[in-house]
Amino acid sequence: MSEEINLVFLGGFPYPKGMAGTKLIQNIIDGLKVYPDVSIRVVILRQSSNDNVLSGIKEGIPYETIMGDVLRAKMVFMVPVFHMRARQAIGRTFRSDKKNILYVYGPPAFDNMPAIRHARRIGYKVIFEIVEDYNLAYDIHKNLWHRIQNVYIRHATSQIASLADGIVVISSHLETKFRALTKWMIPIHYQSVSVNMALYPYTPHRFGDTITMFYSGSFGFKDGVPILIDAFDKLAAKYGNIRLVLIGKGSIEDMHVINTRIASSCYRERIEYKGYLDNIEYHAALNAADILCMTRINHPYANAGFPFKLGEYLATGKPVVASKVSDVADLLQNGESAMLVEPNNAIDIMRMVEYLLKNPNKATAIGRSGHEVARRHFCHKMQAEALYDFTKTI
């Protein structure tokens, strides 16, 4: 009989509602909870009660927040209490009759390190899921808090071999980096972004009278949203029936850049920023769109990870315009499963969208092929099976 697993997810992502990080963890949970020998719990480091109820049960999975509504500056004064509560939370979740695994979303950092060290002391195996390369992230934000965090994370990550029993990575760049960093002594599992394919049954997509371009996610430096708006402006000057919908949220600094760029557009009345939407509203907006756009820039940080939104976009069966960053060109074929564009190139985005508008039958075929790529590479059930096997090796 196989050893039962007590799997505890730890991270700073909002839960149960949130964006890419939250969805990624939820997909893992949904895939793993079908295994009767796996019990699951979620421990959130910090989040706002404006976003979520701080503790409860989400579809049978219990979760708790170590400290709610203590963000940024307030955290400085609460560090000792926070670290004590983190250790207590990890202690409560330990099960002496099971194999205990702490699954940490993100790198070792100032806020999760006490919990990780305590978990190792009491008998947890620790798996890190790494989705970004913080060595490449120092200049993506100018605020002091980001830069202080970045320095700490880079230092702690250099010591990850002494903290981890396993590492999950979402890109070939990260796989190469962490194999070298750990000198091949720590098991590493490559697992790209995931999507719940049950939410996206395939139906052929046809353009209507109005064409909606669509972007969702954060609005950070790496995401290239101003470049997407540049491309939209060029298209809007030629096509009176095209519009742009933007969904998600970013930092105050990032949203100032985006709002300023929207305000400067001659076609701003055809740009709609909907803000953050819950899952039902988000899927409704996604299903109402026609051309889905992932337009990351050509920056080392953007190339190090892999955009979560791309899995969802492809799963819809709609045509996708995607920047050739990270492993994207290894998974998608230009003109067959997506329209691949050069990063930082508004003209290329415009050209690819225009091709789809002029070739609607080809657009439908591209959407169908993209859906198949999502089914083969991003299905959360398939990924959960591989991850389940990986936990057995830890």
Original post:
Among the residues of segment 302-358, which ones are in contact with an Asp or Glu (Cβ under 9 Å, 6 or more places away or on another chain), of a type in the set (Lys, Arg) and free of Cβ contacts under 8 Å to residues at least 60 places away in the same chain?
Top reply: 324
**OP:** Consider residue 193 carefully, then state whether it is closer than 16 Å to residue 353 by Cα, surrounded by 13 or more Cβ atoms within 10 Å (Cβ to Cβ) and of a type in the set (Val, Ile, Thr).
**Re:** no
**OP:** At least 1 residues that are under 16 Å from the mean Cα position of the chain (by Cα) and in contact (Cβ under 8 Å) with a residue 24 or more places away in the chain in each: list the strands (runs of 3 or more DSSP E) lying fully within segment 146-252 that qualify.
**Re:** 166-169, 211-217, 242-248
Original post:
Quick one: how many residues across segment 350-390 are within 26 Å of residue 6 (Cβ to Cβ) and surrounded by fewer than 20 Cβ atoms within 10 Å (Cβ to Cβ)?
Top reply: 7
Subject >> Segments classed as helices (runs of 4 or more DSSP H), wholly inside segment 293-394, with at least 3 members that are not aliphatic (A, V, I, L, M) >> reply: 300-304, 308-315, 346-358, 360-377, 380-393
Subject >> Options 249, 234, 222; residue that is under 23 Å from residue 351 (Cα atoms), surrounded by 13 or more Cβ atoms within 10 Å (Cβ to Cβ) and modelled with pLDDT under 95 >> reply: 222
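The values are calculated or read from the model by the stated rules, or taken from the named source; none is laboratory data. Note that this is a predicted model, so its numbers are computed, not measured. Quick reminder, even Gly has a Cβ in these numbers, built from the backbone with ideal geometry, and neighbours come from all protein chains shown.
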